[in-house]
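Just below is one structure, and these are the notes that go with it.
The values are calculated or read from the model by the stated rules, or taken from the named source; none is laboratory data. Note that the coordinates shown come from a computational prediction; the quantities given were computed from them, not determined experimentally. As a convention, Cβ positions derive from the backbone with ideal geometry for all residues, glycine included, and neighbour counts pool all protein chains shown.
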Amino acid sequence: MDPGDPEERSAAADPAADPAADTTGGRDLRLFLQTLQTLWSTRELRQLREEAWKGFATLDDPLATLLDMLDASRGCRGRGPSLEAWVARELERWLQTQLRPGPAQGDPALKPLQVRAVRLLTEGPLSLVEPLVSIFQLQDADRSAVLAHIHRLHQEGKFKEAIVLGTKLQLQADLDVEKVCVPLLLQNKVDLVERYVDSLPHLQRRLLTLMDSWCQPGFDIRAVARQYPQAPLRLERLSPRALGRQVLRLLEQFSLDPALCPSALTQQRLAALRCLCYKRLVERSMSQESWAELVQGLVGQDEWLQEQLLQLLASQDDVATVAQCALDLLLPEERLPATVVEEMSQLRLQERTAKAPSEHRRDDCYQLPITREDIYFLASWEDLARHEDVLLQPGQVVGVDLEWRPSFGVGGRPRVSLMQVAVAGRVFLLDLPRLLSPTGGQAPRAFSHLVSRLLSDPSITKLGYGMAGDLRSLGASYPALAQAVQKLQGGLDLLPAHRQMRVADRPAPAVDRAAGPRGLSLLVQQVLGKPLDKMQQLSNWDRRPLGEEQLVYAAADAYCLLEVYWELCREPARFHLPGALPWSLGLGRSERCGTQEPPPQKASASPRQAVLQVRSPEDAAPEVPARAFRVVCDNMLGGLARTLRCLGVDVRVLHSGEDHRQAAEVARQEGRVILTSGLPYHKLRAQVGAGRCLAVDCSLKAQQQAKAVIRHFNVRVTPADIFSRCQACNCDQYLRVSKDVMKQLVQLSVHPGGPGGAGEWGSLGSVGWPLPCPGSALEEAPEGCAYDPPCRWLEDTDLQTRVPATLANGTQLQLAGVPAGVLRRPGLQHFYCCTGCGKVFWEGSHLARVTSNFQEVLEGAPCPASGPS
């Protein structure tokens with residue numbers, strides 16, 4: 001019902017148009033509806049709810065009255081929220097609070113109401129479905145009319161409406177799951193399909209079997225799409241790899257047998273196989289032994305995967321390495337190139353199959369500064385008890401790391417196999433499967449208690465890198481440790497320090513980071529001079545006994561945390577970390593808006609002895625100024641990018657032709673955080689590490705997304721940051737132009753009119769955002785809303801040509817959209833030109849509104865007030 005609609009007003013005024021208007025009750029109903037219409041038009045929702053509930057209480061038959069109202073408003077509904085749907089939902093809530101129940105199933109009075117409600121469902125909007133189903137108990141009504149309507153919707157190409165009705169009325173048993181779900185899958189509306197099969201295992205199995213059939217090699221999804229010419233399809237989201245990921249996600253979500261999805265599992269193994277071959281044959285970041293073991297586990301006896309492996313090996317130029325791989329995997333020689341077969345014969349003769357020369361100890365990598373005798377492998381409670389005092393010594397700093405068998409997404413989520421705890425001079429490797437074995441008697445409980453004491457003691461500083469994710473994996477792998485993980489105190493995650501630090505006296509990492517150090521290895525290189533040797537990272541950590549190289553690698557991964565920490569504490573200024581390390585990371589603070597003094601340090605305390613009172617890794621994100629915060633957004637987040645630039649954030653946006661993988665490369669090369677949406681998140685996060693990639697909720701508006709990003713990364717935004725960057729091109733350099741000079745430039749230029757190249761401060765529809773600046777029009781702005789941006793006056797030397805007005809750097813000023821009325825505006829004295837894209841901005845009223853909209857995330861912002869226009 002739209003109170004502004006002339007037909008609606010006439011219907012309300014004409015008794016003949018109202019089926020209930022010939023009775024006193026009808027007149028009361030009409031008056032009741034007119035009151036609701038008036039309040040609905042003003043959006044006074046609190047008063048609207050009060051009037052509605054008051055009116056419901058006066059109705060003799062609220063259910064019949066609702067149906068009368070919906071009947072009377074048919075054909076008058078427009079787009080957007082409707083009063084009818086709101087009233088139906090409010091009546092549903094009101095009925096739930098009343099002591100008198102409605103008619104029960106089997107009551108003769110209910111059946112005619114259900115018939116009317118079903119008819120309205122077939123004629124009304126989707127917003128009425130849920131309240132009508134609940135109020136009139138339609139799950140148990142005769143739904144033949146609804147089934148016919150669903151089939152009609154399907155024939156008309158209204159697939160979304162069909163599946164929503166089928167889901168709400170629980171009609172899955174009466175509908176064909178493939179017919180209902182296939183067009184939605186082709187439109188990438190998997191969420192609707194998930195809700196349709198929710199809690200119905202037999203339908204979940206049929207759905208996954210169908211989707212898995214699309215993952216078979218050579219399957220052409222276009223053959224299915226041709227059956228639905230009326231549907232707006234999104235086939236680019238249904239590549240075999242993307243579809244396989246969806247299938248495996250649903251398989252885990254529904255907890256079904258993996259045997260239902262052989263094709264998707266094969267595709268996933270192929271992707272893992274390609275990754276392993278790249279790491280071994282291109283990056284050289286895996287040992288031959290680990291590579292052969294993982295590949296053998298992936299390929300097994302699958303002939304198709306064996307053929308793919310042979311093709312991958314045959315495409316490599318390194319004959320010696322390929323021959324070694326073929327020998328380790330016992331590949332058939334008749335299917336290998338002759339050069340590889342010949343090299344295999346030489347390897348057999350020379351008995352060089354044990355290890356490649358390149359895998360010996362690497363002197364160009366970080367070397368563990370303790371002896372092999374200082375590495376303790378603890379597999380029983382008795383072993384652990386002998387070192388309990390050392391592990392729990394108050395006031396010390398320990399490095400904590402975890403290892404697990406790589407799975408590449410195949411075979412479910414891997415279980416943590418090893419926990420490393422490093423103290424000064426020693427490393428303890430804890431065999432978690434044996435220490436927490438259910439057959440270990442009292443050992444699991446005692447060990448859990450020890451871990452809880454270690455993690456909860458605030459005087460023991462626990463160092464980690466991406467600690468929050470590691471601890472979540474630990475708690476998920478061993479429920480006995482879940483509570484211990486939640487009690488973490490005194491945790492210090494070095495990942496935020498790595499994001500914040502700047503290395504001035506170290507060479508910058510190479511641009512081509514394909515085979516270069518990443519994550520913790522890169523931090524170790526930047527602080528200690530050499531990266532970690534990651535050859536054993538992807539080895540089988542479930543194997544017992546562990547190899548010597550695995551033991552040394554695991555110890556180094558934990559002990560390097562101590563050495564990095566000591567170095568950062570010793571010389572924080574060299575890494576551009578302000579003050580003592582814990583305080584520079586924001587540790588020891590209360591909430592974001594409040595701070596405390598840095599924790600006092602004893603003058604005699606060395607970095608190795610410092611006792612730190614710190615927060616958990618979840619709360620330890622360092623505060624970063626808005627103008628120092630750098631992000632890269634995928635091309636689906638253009639609105640978020642513009643909003644963040646409005647707050648001063650340096651934002652790069654991928655072009656429409658750039659693949660999402662480019663975001664990882666940009667993030668690594670330029671030190672940016674990735675903001676993405678949808679499926680690429682997990683892949684990108686794996687490439688840049690925890691804390692460097694955030695999945696943005698696309699259901700939120702850009703302003704809400706921006707606030708979520710600001711809070712997540714603890715970005716400090718001040719009023720001076722607003723509009724400090726051009727929203728269109730991300731440039732933060734402007735030139736100030738007087739009104740007289742701007743008039744001259746506009747007169748010299750062709751002026752077709754329209755808003756194409758300039759934006760008024762406060763015009764949301766403009767292509768650019770203005771830079772706030774001082775001037776006569778800003779003298780009335782509220783306190784804190786006047787700015788003095790770091791820009792200078794435009795000079796003759798800044799112009800390469802005057803017609804067209806072009807800056808010395810080649811940027812042409814976009815003067816066509818500067819309206820003549822703006823040039824005549826009294827009090828407006830200055831214009832501002834972006835040196836990056838040439839857009840022209842002037843003073844307006846948008847500053848106060850933006851300050852008000854972002855009030856809760858602005859530091860030092862005044863109470864919002866209306867700025868000048």
(request) Name the one entry in PRO406, PRO337, PRO394 that is loosely packed, with under 13 Cβ neighbours inside 10 Å and either at negative phi or modelled with pLDDT of 85 or more (or both). (result) PRO394
(request) Give the residue, chosen from VAL631, VAL611, that is modelled with pLDDT under 85 and among the β-branched types (Val, Ile, Thr). (result) VAL611
(request) Identify the single condition in (1) under 14 Å from LEU66 (Cα atoms); (2) without any contact (Cβ under 8 Å) to a residue 12 or more places away in the chain that ASP176 does not satisfy, given that it satisfies every other one. (result) (1)
(message) Just to check your reading of the model, which residue among GLN204, GLN187 is surrounded by 13 or more Cβ atoms within 10 Å (Cβ to Cβ), within 19 Å of PHE159 (Cβ to Cβ) and in contact (Cβ under 8 Å) with a residue 40 or more places away in the chain?
(response) GLN187
(request) Pull up the stretch 88-102, narrow it to residues that are more than 36 Å from the chain's Cα centre (by Cα) and either of a type in the set (S, T, N, Q) or surrounded by 16 or more Cβ atoms within 10 Å (Cβ to Cβ) (or both), then point me to the one that is modelled with the lowest pLDDT. (result) GLY102
(message) If I filter the stretch 736-766 down to residues being buried (at least 18 other Cβ atoms within 10 Å of the Cβ) and touching a helix residue (DSSP H, G or I) at 6+ places or on another chain (Cβ under 6 Å), which single residue comes out as modelled with the lowest pLDDT?
(response) GLY762
(request) Could you grab me the full set of residues in the stretch 268-290 that are in contact (Cβ under 8 Å) with a residue 40 or more places away in the chain, in a helix (DSSP H, G or I) and under 24 Å from GLU549 (Cβ atoms)? (result) ALA272, CYS275, LEU276, LYS279, ARG280, LEU281, VAL282, GLU283, GLN288, GLU289, SER290
(request) Can you work out which of the residues in the stretch 190-201 that are hydrophobic (A, V, I, L, M, F, W, C) and more than 25 Å from the chain's Cα centre (by Cα) is surrounded by the fewest Cβ atoms within 10 Å (Cβ to Cβ)? (result) LEU200
(request) Run down SER144, SER134 and say which single residue is hydroxyl-bearing (Ser, Thr, Tyr) and closer than 22 Å to GLU92 by Cα. (result) SER134
(message) Would you confirm, using the coordinates I've provided, whether ALA145 is part of a helix (DSSP H, G or I), in the same structural domain as LEU113 (by TED's automatic domain parsing) and under 21 Å from ARG226 (Cβ atoms)?
(response) no
(request) Name the one entry in GLN268, GLN230, GLN216, GLN253 that is of a type in the set (S, T, N, Q) and in the same structural domain as GLN306 (by TED's automatic domain parsing). (result) GLN268
(request) Would you check if ARG74 is modelled with pLDDT under 65 and basic (Lys, Arg)? (result) yes
(request) Those residues that are modelled with pLDDT of 90 or more, in contact with a Pro (Cβ under 8 Å, 6 or more places away or on another chain) and of a type in the set (D, E, K, R), I need them from the stretch 495-552; list them, please. (result) ASP542
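Residue by residue, here is whether (1) of a type in the set (D, E, K, R); (2) part of a loop (DSSP other than H, G, I, E, B); (3) free of Cβ contacts under 8 Å to residues at least 24 places away in the same chain holds:
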| residue | (1), (2), (3) |
| --- | --- |
| ALA556 | no, no, no |
| LEU561 | no, no, no |
| VAL564 | no, no, no |
| CYS569 | no, no, no |
| ARG574 | yes, no, no |
| LEU577 | no, yes, no |
(request) Kindly establish whether CYS215 is in a loop (DSSP other than H, G, I, E, B) and of a type in the set (A, V, I, L, M, F, W, C). (result) yes
(message) Restricting to the stretch 230-267, and then to whatever is modelled with pLDDT of 85 or more and part of a loop (DSSP other than H, G, I, E, B), can you tell me which residue is surrounded by the fewest Cβ atoms within 10 Å (Cβ to Cβ)?
(response) SER255
(request) Evaluate the following for LEU368: is it farther than 30 Å from LYS279 by Cα, modelled with pLDDT of 90 or more and surrounded by 14 or more Cβ atoms within 10 Å (Cβ to Cβ)? (result) no
(request) With respect to GLN227, determine if the residue is part of a loop (DSSP other than H, G, I, E, B), more than 29 Å from the chain's Cα centre (by Cα) and closer than 29 Å to LEU169 by Cβ. (result) yes
(request) Might you let me know whether the stretch 120-136 holds any residue that is at pLDDT 85 or above and either β-branched (Val, Ile, Thr) or out of contact with any Cys (no Cβ under 7 Å at 6 or more places or on another chain) (or both)? (result) no
(request) Can you give me the ranges of the helices (runs of 4 or more DSSP H) entirely in the stretch 438-508 with at least 3 residues that are touching a strand residue (DSSP E or B) at 6+ places or on another chain (Cβ under 7 Å)? (result) 467-477
(message) The conditions are (1) surrounded by 22 or more Cβ atoms within 10 Å (Cβ to Cβ); (2) in contact (Cβ under 8 Å) with a residue 40 or more places away in the chain; (3) within 22 Å of the chain's Cα centre (by Cα), and LYS462 fails exactly one of them. Which is it?
(response) (3)
(message) Checking the condition crowded, with 20+ Cβ neighbours inside 10 Å and touching a Ser or Thr at 6+ places or on another chain (Cβ under 6 Å), which residue from CYS181, CYS215 passes?
(response) CYS215
